[in-house]
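Each remark here refers to the structure printed beneath this line.
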Amino acid sequence: MDVRLIWLALGAFAIGAEGFVISTLLPSISAETGVTLPQAGYLVLAYAVAYAISAPLLATLTGTIARRNVLVAAALVFAAGAVGASLATGYWPLLAARVLMAAMAGLYAATAQATAVSLAEPAHRARAIAVVVGGTSLAVALGAPIGGLIAGLVGWRGTYLFIAVLGVLAAIAILAMLPSTIRGEHRTLRERLAVLSLPGVVPALLTTFFYMVGPFAAFIYLAPLTTTGIGLEKAWLPGVMLAFGVGAAIGNTLGGQLADRVGADRTVIAGSVLNAVFLALLSLAPHLDADLRAPVFLALMVPWGIVAWTFLPAQVSRLVSLTGGAAPLVLSLNGSALYLGTAGGALLGGQILTHGSVYDLGWVSAIFPLIALAILTVRRSPRLAPMPRLG
């Protein structure tokens, strides 16, 4: 494996840590900024929408610039946004800082995946992309609980300073390790979106979107589910996040292996069904006897993380086999679909808390992986469709 991929993954880790740690920070942010918990959750919505929109737009604008320069600039501006978030004096300045961070995160992710493809041999390109995406999985396993622990010690502002340091470290490593000679191909936005005409791509992206709505509606509001629903102290949150994150790291590896051994479609189907089951169990756990409630809830975290995260590498495998040479472009759009799903999860979870209760998060969220499953089974994807003409 090219060691330079690890430094690309470090940036993905920094970006992913911010995206996932927010769920542990929402109660503190809500209390300090004077907004409701669902309103605080809309910080996730704004971030996800900004990420989804910015990724293809900024990748188009920076397509011919040396990729090392783009990556370094994106990481540094991301870090500056994190510093701005740590200094924010209210809800709206914090939202603005997160939107800036999201734009840079989208640019970084799209450029890092394209750079990984450039660094790898043709036969190892999917594996190279998986290494970069693995930085995000590691962020779930380690970044989110570490950030939650820092928040417990010095407050949520300290967590954003920690994320800023990660961004600067990633920028320094990329500047030192990557050559300045790697440049992207100039593609207009129209050319980037032309891959949507490939057979099966739109259903695949819709599958990603609806799948991600479900687990993120519950994950974003994991803090109130843990404290209000289960009755655990706030100090348990980093442990709960760590348990889910360990499962996510296992699921990321397992999902890729299962996709190779039993097929990506079967892995995605199994992940969708099991994710729906575990989400439904999250609504069941708060209704158990008091002495069983916490142990059962904690016992669900690792296996839920495993089944929830098997989807992503298997879906990446599906898209790579589906689109052949257009894979980097489609995977960029898949990242946008993923974050739009995160936005949908934030909106859904906020509406559940506003019009229902924390006890409804699990079973309502469980509906959405099943919608993704329905899309997949109705329209099975053809394999190795030819690249459409882009000009």
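The values are calculated or read from the model by the stated rules, or taken from the named source; none is laboratory data. Computed from a predicted structure; not experimentally measured. Counting neighbours? That spans all protein chains shown, and the Cβs are built from the backbone with ideal geometry, glycine included.
If you take the residues in the range 189-214 that are crowded, with 24+ Cβ neighbours inside 10 Å and polar (S, T, N, Q), which one is nearest to residue 23 (Cα to Cα)?
208
Filter the range 44-78 for residues that are assigned to a helix (DSSP H, G or I) and hydroxyl-bearing (Ser, Thr, Tyr); which is surrounded by the fewest Cβ atoms within 10 Å (Cβ to Cβ)?
Among those that are assigned to a helix (DSSP H, G or I) and hydroxyl-bearing (Ser, Thr, Tyr), it is 60.
When residue 356 is evaluated against the numbered criteria (1) surrounded by fewer than 21 Cβ atoms within 10 Å (Cβ to Cβ); (2) within 14 Å of residue 224 (Cβ to Cβ); (3) in contact (Cβ under 8 Å) with a residue 60 or more places away in the chain, which criterion, by number, is the only one it fails?
(3)
For residue 217, are the conditions met, namely being surrounded by fewer than 19 Cβ atoms within 10 Å (Cβ to Cβ) and closer than 22 Å to residue 342 by Cβ?
Against the criterion (surrounded by fewer than 19 Cβ atoms within 10 Å (Cβ to Cβ) and closer than 22 Å to residue 342 by Cβ), residue 217 does not qualify.
Go through the range 175-191 and count every residue that is touching a helix residue (DSSP H, G or I) at 6+ places or on another chain (Cβ under 6 Å) and at pLDDT 70 or above.
Counting residues in the range 175-191 that are touching a helix residue (DSSP H, G or I) at 6+ places or on another chain (Cβ under 6 Å) and at pLDDT 70 or above gives 5.
Looking at 225, 282, 292, which one is free of Cβ contacts under 8 Å to residues at least 40 places away in the same chain, aliphatic (A, V, I, L, M) and outside the structural domain of residue 16 (by TED's automatic domain parsing)?
After ruling out the rest, the residue left standing is 292.
Here is a list: 283, 272. Which entry is surrounded by 18 or more Cβ atoms within 10 Å (Cβ to Cβ) and either modelled with pLDDT under 85 or closer than 25 Å to residue 204 by Cα (or both)?
Going through 283, 272 in turn, the sole match is 272.
Assess whether residue 270 counts as being in contact with a Lys or Arg (Cβ under 7 Å, 6 or more places away or on another chain) and not polar (S, T, N, Q).
When the stated conditions are applied, residue 270 does not pass them.
Residue 172: within 29 Å of residue 3 (Cβ to Cβ), part of a helix (DSSP H, G or I) and at pLDDT 90 or above, yes or no?
So residue 172 passes the test.
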